[in-house]
Amino acid sequence: MSFSKLLKSNLIRAVTLIFATVLGAVLVAIGNSYLTNIGNSLQKQDINTFLRYMLLFFVVLVGGESIEFIASYLFAKQVQEYLHEVRERVTRKLFLQKETTKITDVQNDLTNDLNMMNDNFLTPMYKIISSIFNIVFSIAIVFTYSWILVVLILILAVVMFVLPQLISKPLEKATVAVSENNQAYLDTIEKWFKGIAILKRYNVKSKLFHVLAQSSDKLEKANVNRSKKVSQTSIFNNLVNGSAQVLIIFTAGLLIITKSMPFGAFFSIGNFSGVIFTGLFTVVSQITLIQSSKQLNKKITANMTTVDTTVASDSLADFATVSGQNLTIKFPNGEQLRFPDFEVKQGEKILLTGESGAGKSTLFKLILDELTPSSGQITFKDKNGKFLKPNLNQIGYIPQDPVLFPGTIQENITLFNDSLNEKAKYWAEKVQLGTDLTKFPQGIKTKVDLDKNNLSGGQRQKVVLARTQVYESKLVLIDEGTSAIDSKNTQIILQNLLQSSATVIFIAHNLTPEMHKLFDRELKLTKA
């Protein structure tokens, strides 16, 4: 993320808000300069001049602050549109990248991290720019009173900038810790609440509360620690800020006593010192916040990096074989799986079997390139024996837990491609979903309610089975795709699925002898 890209996201609005910021700062500075005339008129007891400049002071100051408020509003709007663009880019990368990202990581990336970057980078940058304009115009007018005051202001400004750097690193670490602990807390919630029904059934309340309390406590301590670092920075900066203002006002008093400045200047210098040193305090404190967000900004920038998807791939329309040679995979826990060499020819219907833990689902993930083998390889060849670099998006895959999306049953079959609606109706019947649809008043146009689970496990599997057939995948991998469907309907579904020209590799348990006969052959895996 960068401030320049934020401004470029809507250049016209950016120019408008910067102009408004400058104009607001100019008017505030002019308004404060009128305090000199107000003070002089009081000394002379000139009521008319006093009232005239009081009115001018009020109009100009209120006008300046109102314009600055408008600029702040425009900036807030600019930020939200920019963050929307950032979310789109992060989402695009997540969609295109090979690796699968945990839901809790995505939640943290798209919400907490971006909010923290707004609070610790984007908004501070605007506050710095706004403060600099106020400082510059105020110093310009102070110079007309005395160059001595300007020199003193510059010396104090250097002091205010140098000293806070000593505590910027601890704040940066504290900011990163908040992001990491928030991510860990979201991860804990996901892991435990997805099984909340089981925990309720066995009344596992104390353990749930304990693990959530532990994770929440770490997040709370991280937030408290960061707040402490921010408070320490603010206290230090306030101390320097207050001391600097007192010194400037004291010096202005001496200059008035020595007749180097008019009496009324004391009021203007008091306000100018407040604007200047409050502005400097803002700049210093916001720079500290920006420095604290460096690591988080690097993370977000990496999340926005474009994924190269231009790698050439071959269509699977005419592939002849898919095979595995010397395949093994090692897991972080030390477990290792070895797979027998195999070759599946185009159009074959293979029943993949084996005891639990033999690696049936893992083999599917190797074919899909979701896992990288520790040794060996999966190869695709055409009819001439030429190796293919397959377009893996053309492989139909039905996981053990069917995934549905907010939308109608028809949209979940077509994946929101309206041109496939007729095919969706056809395959809904072929996978025995037609009878189920008659139970819904809106039939295939019924909305899928992911919160209330208005579709049973079997109905969800039928929707995903129909989806695979609608897209006419040449290679279909089905992992327990009928486990929640009764035996009678499974028989009919298999007969319809296996009549197609697609190559099918099917994982299933407890199939009847009649179902076994529907397959060309069986590939059995065993534990090494």
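The values are calculated or read from the model by the stated rules, or taken from the named source; none is laboratory data. Every value quoted in this text rests on a predicted model; they were computed, and no experiment measured them. Cβ placement follows ideal geometry from the backbone for every residue including glycine, while neighbour counts extend to all protein chains displayed.
On the given criteria, is ILE38 surrounded by fewer than 16 Cβ atoms within 10 Å (Cβ to Cβ) and either under 30 Å from PHE193 (Cα atoms) or of a type in the set (Val, Ile, Thr) (or both)? No: the conditions fail for ILE38. The residues of the stretch 340-396 that are surrounded by 13 or more Cβ atoms within 10 Å (Cβ to Cβ), within 17 Å of ASP479 (Cα to Cα) and among the small types (Gly, Ala, Ser), listed by number, are GLY354, ALA358, GLY359, SER361, GLY396.
Scanning the stretch 226-248 for residues that are crowded, with 17+ Cβ neighbours inside 10 Å and small (Gly, Ala, Ser) yields a single hit, ALA244. All told, LEU27 falls short of being surrounded by fewer than 19 Cβ atoms within 10 Å (Cβ to Cβ) and touching a Gly at 6+ places or on another chain (Cβ under 8 Å). Restricting attention to the stretch 102-126, the residues being over 13 Å from MET1 (Cα atoms) and loosely packed, with under 13 Cβ neighbours inside 10 Å number 1. Taken over the stretch 224-252, the criterion of being of a type in the set (Ser, Thr, Tyr) and either over 20 Å from GLN286 (Cα atoms) or free of Cβ contacts under 8 Å to residues at least 60 places away in the same chain (or both) is satisfied by SER227, SER231, SER234, SER243, THR251. A single entry from LEU110, LEU114, LEU17, LEU74 fulfils the requirement of being in contact (Cβ under 8 Å) with a residue 24 or more places away in the chain, out of contact with any Gly (no Cβ under 9 Å at 6 or more places or on another chain), aliphatic (A, V, I, L, M) and more than 30 Å from ASN271 (Cα to Cα): LEU114. Among the residues making up the stretch 272-296, those that are closer than 29 Å to THR251 by Cα and among the polar types (S, T, N, Q) are SER273, THR278, THR282, SER285, GLN286.
Here is a check on your reading of the model: is THR490 in contact with a Lys or Arg (Cβ under 9 Å, 6 or more places away or on another chain) and within 21 Å of ARG521 (Cβ to Cβ)? Don't jump to the end; show me each part of the working.
Working: in contact with a Lys or Arg (Cβ under 9 Å, 6 or more places away or on another chain): no; within 21 Å of ARG521 (Cβ to Cβ): yes.
When the stated conditions are applied, THR490 does not pass them.
Yes/no per residue for (1) touching a helix residue (DSSP H, G or I) at 6+ places or on another chain (Cβ under 7 Å); (2) at pLDDT 85 or above; (3) of a type outside the set (A, V, I, L, M, F, W, C):
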site: HIS84; (1), (2), (3): no, yes, yes
site: GLU99; (1), (2), (3): no, no, yes
site: THR104; (1), (2), (3): yes, no, yes
site: ASN108; (1), (2), (3): yes, no, yes
site: ASN115; (1), (2), (3): no, yes, yes
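The number of residues in the stretch 169-213 being surrounded by 12 or more Cβ atoms within 10 Å (Cβ to Cβ) and either within 14 Å of ASP113 (Cβ to Cβ) or among the polar types (S, T, N, Q) (or both) comes to 13.
Within the stretch 317-333, residues that are modelled with pLDDT under 85 reach partners that are assigned to a strand (DSSP E or B) with beta carbons closer than 7 Å, at six or more positions or on different chains, in the pairs ASP318/ASP382. Hey, does the stretch 259-279 have a residue that's free of Cβ contacts under 8 Å to residues at least 24 places away in the same chain, assigned to a loop (DSSP other than H, G, I, E, B), on the phi > 0 side of the Ramachandran plot and surrounded by fewer than 18 Cβ atoms within 10 Å (Cβ to Cβ)? Yes, because at least one residue in the stretch 259-279 is free of Cβ contacts under 8 Å to residues at least 24 places away in the same chain, assigned to a loop (DSSP other than H, G, I, E, B), on the phi > 0 side of the Ramachandran plot and surrounded by fewer than 18 Cβ atoms within 10 Å (Cβ to Cβ).
Using the structure shown, decide if GLN232 is closer than 21 Å to ALA29 by Cα and part of a helix (DSSP H, G or I). It would help to see each step written out before you state the result.
On the way: closer than 21 Å to ALA29 by Cα: no; part of a helix (DSSP H, G or I): yes.
The answer is no for GLN232.
Counting only strands (runs of 3 or more DSSP E) wholly contained in the stretch 312-386, the ones carrying 1 or more residues that are farther than 19 Å from LYS524 by Cα and not β-branched (Val, Ile, Thr) occupy 319-330, 375-382. If you go through the stretch 399-415 and keep only what is polar (S, T, N, Q) and closer than 13 Å to GLN459 by Cβ, you end up with just ASN412. Taking ASN223, is it surrounded by 17 or more Cβ atoms within 10 Å (Cβ to Cβ), assigned by TED's automatic domain parsing to the domain that holds LYS299 and at pLDDT 85 or above? The answer is no for ASN223. Name the single residue that is farthest from the chain's Cα centre (by Cα) among those in the stretch 60-89 being over 19 Å from LYS5 (Cβ atoms), of a type in the set (Val, Ile, Thr) and surrounded by 19 or more Cβ atoms within 10 Å (Cβ to Cβ). Only one residue tops the list, namely VAL60.
Yes/no matrix, rows are residues, columns are (1) modelled with pLDDT of 90 or more; (2) closer than 23 Å to GLU343 by Cα; (3) acidic (Asp, Glu):
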site	(1), (2), (3)
ASN421	yes, no, no
LYS425	yes, no, no
LEU455	no, no, no
THR468	no, yes, no
ILE492	no, no, no
ASN510	no, no, no
HIS516	no, yes, no
ARG521	yes, yes, no
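Can you find even one residue in the stretch 487-502 that is under 14 Å from THR353 (Cβ atoms), part of a helix (DSSP H, G or I) and not polar (S, T, N, Q)? Even if it seems obvious, please write down each step before you answer.
Of the stretch 487-502, the ones under 14 Å from THR353 (Cβ atoms) are none.
No, because not a single residue in the stretch 487-502 is under 14 Å from THR353 (Cβ atoms), part of a helix (DSSP H, G or I) and not polar (S, T, N, Q).
Only one of THR101, THR91 is without any contact (Cβ under 8 Å) to a residue 60 or more places away in the chain, in the same structural domain as LYS298 (by TED's automatic domain parsing), of a type in the set (Ser, Thr, Tyr) and assigned to a helix (DSSP H, G or I). Can you tell me which?
Details: THR101 fails: assigned to a helix (DSSP H, G or I).
One residue alone meets the criteria, THR91.
Give the residue that is nearest to the chain's Cα centre (by Cα), with candidates limited to residues of the stretch 470-528 that are of a type in the set (Asp, Glu) and farther than 12 Å from LYS349 by Cβ. Among those residues, the one meeting the criterion is ASP479.
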